[in-house]
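Submitted below is the structure of interest, expressed as structure tokens.
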Amino acid sequence: MRRRLFAANWKMHHGPGAARSFLGTFLEQYARRTDRDVWFFPPAISFTTVLDLVRGRPDLGAGVQNVHWEPKGAFTGEISVPMLVEAGANGAIVGHSERRHGFGETDEESGNKARALLAAGLVPVFCVGEKLEEREAGETWAVVRRQLNVLDGLPTRQLAQLVVAYEPVWAIGTGRNATPADAAEVHRSIRGWFEKQGVNPDDVTVPYGGSVNLRNGADLLAEPEIDGVLVGGASLDPTGWAQLISLR
Ligand code: 13P
């Protein structure tokens, strides 16, 4: 059975003080479950606070929301993969739609970031997903395939380390989630892309993201193609998050 990943993308919420207070409550309410990993992606300034608090719990991990592909240099405002390795991160989110569409990150840049993480043995949570007009034009798979194609040719043992989060842009922060069946269709195609690359499709973790909450989470997680969730808004409250990651 594929292992499940429940990932909290805090976006630009929870500085170090709020992160500490969140973890204090959360750790009291959530006991380890061996069938799932729970990773936090706080703002970079809160990352070491979170990591220090989850250390010692093998089911919990932490990463950052963005990373640069160069190991060091004059890149004001950026964080490198060697820095993440030194700090003990599990990985980083790459290609989130807010980076792609809000900050102009290109497919190629997302690919460079994923390659740098994989080369260092860290896990990219590689986000893919179509905009509403692309879905309505029947272009969902063409868009997701184009976003994945930047990973073409990576060694299979590296590709198998990837987490690919399917996050339709129209579902993010809108309260409108994809149906389990809609998501499953794309998740199956994503697995098919990896199979063509020579990777065992069951080695690749494919969570869903986009307006996941306590009301719709159980139905989404009941879909066998959905290996977990990547959650924004509903990951910000420790009690709600502890409940959400205990579903199914
Ligand atoms: P919401 O859960 O707030 O829709 O955000 C999803 C997301 O972007 C997670 O990366």
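The values are calculated or read from the model by the stated rules, or taken from the named source; none is laboratory data. Here the structure is a predicted model, which means the values were calculated and not measured. No Cβ is skipped: glycine too gets one built from the backbone with ideal geometry, and neighbour counts run over all protein chains shown. Areas reflect the complete protein model, heavy atoms only, side chains present, ligands, DNA and RNA absent. Shrake-Rupley method; radii C 1.70, N 1.55, O 1.52, S 1.80 Å.
Between Asp219 and Glu195, 0.36 nm times their residue separation minus their Cα-Cα distance comes to what? All intermediate terms of the calculation are to be shown ahead of the outcome.
On the way: separation 24, 0.36 × 24 = 8.64 nm, distance 2.65 nm.
Separation in residues times 0.36 nm, less the Cα-Cα distance, equals 6.0 nm.
May I pose another question? So for region 90-248, considering every pair of alpha-carbon atoms, how many percent are separated by more than 21 Å?
Numbers: 5342 of 12561 pairs.
Cα-Cα pairs of region 90-248 separated by over 21 Å account for 43 percent.
Continuing with the same structure: Using unit Cβ charges (K, R positive; D, E negative) and no other charged atoms, how large, in debye to the nearest 20, is the dipole of region 1-124 about its Cα centre?
On the way: 15 positive and 13 negative charges, 98 e Å.
The dipole magnitude comes to about 460 debye.
Using Cα pairs under 8 angstrom and six or more residues apart, how large is the relative contact order of the chain, in percent?
Details: 472 pairs, mean separation 50.3, N = 248.
It rounds to 20 percent for the chain.
Under a crude label model (7 Å from the Cα following the beta-carbon direction), how far is Ala120 from Ile45 in nanometres?
It is 2.2 nm.
Also, quick follow-up: What residue among Ile93, Tyr166, Val150 has its Cα farthest toward the positive end of the dipole of the chain, where the charges are +1 on Lys, Arg and -1 on Asp, Glu, each on the Cβ?
Among Ile93, Tyr166, Val150, the one farthest towards the positive end of the dipole of the chain is Ile93.
At a 1.4 Å probe, what is the % contribution of carbon and sulfur to the accessible area of region 175-224?
Details: 990 of 2230 Å².
About 44 percent, which is the carbon plus sulfur part of the accessible surface.
How much net charge surrounds Glu98 when only other residues with a Cβ under 12 Å from its Cβ are counted (Lys, Arg +1; Asp, Glu -1)? Walk me through the intermediate numbers first.
Details: positive: Lys11, Arg99, Arg100; negative: Glu105, Glu167.
Net charge in that neighbourhood comes out at +1.
Right, something else. Quick one: which of Lys11/Lys196; Lys11/Lys113; Lys113/Lys196 span more than 26 angstrom between C-alpha atoms? Intermediate values should be presented prior to the final figure.
Working: Lys11/Lys196 33 Å; Lys11/Lys113 18 Å; Lys113/Lys196 22 Å.
Pairs exceeding the cut-off: Lys11/Lys196.
Between Gly209 and residues 5 or more places away or on another chain, which pairs have amide H atoms under 5 Å apart, with H built 1.01 Å from N, and which residues are they?
Close amide H contacts, sequence-distant or interchain: Tyr166, Glu167, Leu230.
What value, in deg cm²/dmol to 500, does the helix sum -39500 (n - 2.57) over DSSP H runs of n ≥ 4 give at 222 nm once divided by the residues of the chain? Before the final figure, lay out each step's value.
Details: 11 runs with 97 residues, N = 248.
Value at 222 nm, helices only, nearest 500: -11000 deg cm²/dmol.
Run the quick spin-label model on Arg32 and Ala74: label points 7 Å from Cα toward the beta carbon, then report their separation in nm to one decimal.
Calculated label separation equals 4.8 nm.
Which residues' amide hydrogens lie under 5 Å from the amide hydrogen of Trp39, considering only partners 5 or more residues apart or on another chain, with H built in the peptide plane?
It is Phe6, Ala7, Ala8, Gly61, by chain and number.
Can you tell me the accessible area per residue over the chain, all protein chains present, probe 1.4 angstrom, in square angstrom? If you can, show how the numbers build up before the last one.
On the way: 10890 Å² over 248 residues.
I get 44 Å² per residue for the chain.
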